[in-house]
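FYI, it's all coordinate maths here, none of it is from the lab. These figures come from a predicted structure and were not determined experimentally. All Cβ positions, even for glycine, are placed from backbone atoms using ideal geometry, and neighbour counts span all protein chains on display.
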Amino acid sequence: MTADVNPSGMCCGGLTEVKEADEAVQNICEMVHVGGDEHIHLRVYESWHQGEELALHGVLESMTHDSPIDYFE
């Protein structure tokens with residue numbers, strides 16, 4: 001999976017408050033089209049250590065293309 005993440009650390013898909021990532025992990029929020037008008041939002045962590053995989057940490061279901069992408073638990 002690839003996600004376009006702006007170098008400022010904001011989640012793709014819209015402007016949000018810029019928050020510092022710690023030195024080992026970057027938070028990525030991504031919108032995924034799942035059919036019709038339905039989308040899901042994914043929150044994954046990408047380690048800055050080479051060789052480590054992305055880890056899924058949250059899913060929001062029943063979203064639309066116009067739903068804002070914000071950090072969520």
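Worth a mention:
- Neighbour net charge for His41 - beta-carbon separation under 9 angstrom, K R +1, D E -1: -2
- When each of Asp66, Asp37 is scored by the number of other beta-carbon atoms lying within 10 Å, the sequence from fewest to most is Asp66, Asp37.
- Around Val32: net Lys/Arg minus Asp/Glu count, Cβ-Cβ under 12 Å: -2
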